[in-house]
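Participant: What follows is a single structure, and I will ask about it in a moment.
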Amino acid sequence: MYLRNRLLTGTILTWAVSLLVISTGCSSEKKKDAKEANLENFDISKDVLNDISTAKKIFYSLPSPLETAMIIKSAGAEYEERLLNPTENAGNYTTNKSIALNLGIYTTDMSFASLFDQTQTTINYMDASKELAEGLGILDAIDEDIMARLEDNINNRDAIMDIISETFLNTSSYLKENDREAIATVVLVGGWLEGLYIATQLVGDDEIEDNRLVDRVIEQKLSFEILEKLLEQSKEDENIQALSSQLADIKNAFDEIKIISTEVSPEPNEVTNITTLKSDVELDFTPETFKTLKEKVRILRSNFIL
């Protein structure tokens, strides 16, 4: 069993409508009174989980596809295009659920390619995303000049990442503003799972011990708890019911993992508008647990992209 001391850092980035994302940092001084980490242990949960009338607050608590890709890269991962869902598959998706799931998947793939300066691949995934957005009837959420902006900034990674972030946020907002929050949730589930799939596939079975990317994957147990809360908000929707059932194996795998955490201490920065949530944590899991999670993610992702 692995028991690792780390500092868990939550980052709150304000994007137009206070987009919340979760990431992690490096080691720090250990504190007393450790307890198992879950959403209720975080001070931010008072704002996110209490008095929720819509899924909006929870939605903006999950990592965006770009943030997920950044988490993967920051852990030292290398680019492997073979892990992405081929853009040629875009025409295979005909139901709202499959289109929405793979719109999320393609957005994460696009973010992953962008962070590794794969500019033409990034544009290809934007094209595929537009095709799926059209299938959902939300093409209006993507500005007509986006492709031109991508091509004009083909050698400017920062500009491309800004465009991807803007596109994702516009799509999500458009869906919610048009009373299609369930579909917005499905898009988010697809993007979240794709990030988890890429991360787990980049870890070999003999590379689990003392691996930063493994730690990042394990810490996504917290984001999964947020995802469950989001699904609960649209539980009457048939697509959400199906997704909740499909995610059961992922939940069971995460349930075998413990994240032991001390109290969270928020450190706001008024200049950058970023608040860092710091807490000393221990990750408690076995190699077999990680391998099980990896396999369950692979199977579910394979079902999503068929």
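The values are calculated or read from the model by the stated rules, or taken from the named source; none is laboratory data. Keep in mind that what you see is a predicted model, and the values were worked out from it rather than measured. Note: ideal-geometry Cβ built from the backbone for every residue, glycine included; neighbour counts use all protein chains shown. Only protein heavy atoms, including side chains, enter the accessible area calculation; ligands, DNA and RNA are left aside. Shrake-Rupley method; radii C 1.70, N 1.55, O 1.52, S 1.80 Å.
Participant: Calculate, for Lys73 and Ser265, the FRET efficiency according to 1/(1 + (r/R0)^6) with r their C-beta to C-beta distance and R0 30 Å; round to the nearest 0.05. Spell out each step's value before the answer.
Facilitator: Values: r = 27 Å, r/R0 = 0.89.
Between Lys73 and Ser265 the formula returns 0.65.
Participant: Another question about this same structure. Where only protein heavy atoms count, and the probe is 1.4 Å, what is the accessible area per residue for region 184-272 in Å²? Please list the in-between numbers first.
Facilitator: On the way: 3760 Å² over 89 residues.
Result: 42 Å² per residue.
Participant: List, in the order given, every pair from Lys251/Lys278; Lys73/Lys221; Lys130/Lys258 whose Cα-Cα distance in the structure shown is over 30 Å.
Facilitator: Going by Cα-Cα distance, Lys130/Lys258 fall outside the 30 Å limit.
Participant: Hey, can you rank 219-225, 257-263 by average C-beta count inside 10 Å, highest first?
Facilitator: On the way: 219-225: 21.4, 257-263: 18.6.
With the highest mean Cβ count within 10 Å placed first, the list reads 219-225, 257-263.
Participant: Right, next: For Met70, Met161, Met126, what's the largest-to-smallest order of accessible area, 1.4 Å probe? Display every interim value, and only then the final one.
Facilitator: Values: Met70 90, Met161 30, Met126 0 Å².
Sorted by accessible area, descending: Met70, Met161, Met126.
Participant: Whole-Hz Karplus ³J(HN,Hα) for region 97-106, in order, using 6.51 cos²θ - 1.76 cosθ + 1.60 and θ = phi - 60°, x for Gly and Pro?
Facilitator: 5, 5, 5, 5, 4, 7, 5, x, 4, 5
Participant: Another question about this same structure. Can you give the FRET efficiency to the nearest 0.05 for Glu232 and Ile299, using r as the Cβ-Cβ distance and R₀ = 25 Å?
Facilitator: 0.60
Participant: Determine, at each q value in 0.21, 0.24 (inverse angstroms), the log₁₀ of I(q)/I(0) that the Debye formula gives when each Cα of region 211-306 is one equal point scatterer.
Facilitator: Taking Cα atoms of region 211-306 as identical point scatterers yields -1.11, -1.24.
Participant: Amide H to amide H, which residues 5 or more places from Val264 or on other chains are under 5 Å from it, using H placed in the peptide plane?
Facilitator: Asp43
Participant: With each label point set 7 Å from Cα along the Cα-Cβ vector, what nm distance links Asp152 and Gln120?
Facilitator: Computed distance between label sites Asp152 and Gln120 equals 2.3 nm.
Participant: On a full-extension model of 0.36 nm per residue, what is the gain between Ile274 and Ala242, subtracting their alpha-carbon distance, rounded to one decimal in nm? Intermediate values should be presented prior to the final figure.
Facilitator: Working: separation 32, 0.36 × 32 = 11.52 nm, distance 3.60 nm.
Residue separation times 0.36 nm, minus the Cα-Cα distance, leaves 7.9 nm.
Participant: Moving on. Quick one: 3J(HN,Hα) in Hz for region 71-84, Karplus 6.51/-1.76/1.60 with θ = phi - 60°, rounded, Gly and Pro as x.
Facilitator: Along region 71-84, the couplings run 4, 4, 5, 5, 7, x, 6, 9, 6, 9, 5, 4, 7, 7 Hz.
Participant: Can you sort Val203, Val271 by solvent-accessible area, 1.4 Å probe, largest first? The partial results should precede the final answer.
Facilitator: Numbers: Val203 0, Val271 135 Å².
From most accessible down to least: Val271, Val203.
Participant: Let me ask something else. List every residue whose amide H lies under 5 Å from the amide H of Val203, counting only residues 5 or more places away in sequence or on a different chain, with H placed 1.01 Å from N in the peptide plane.
Facilitator: Residues meeting the amide H criterion: none.
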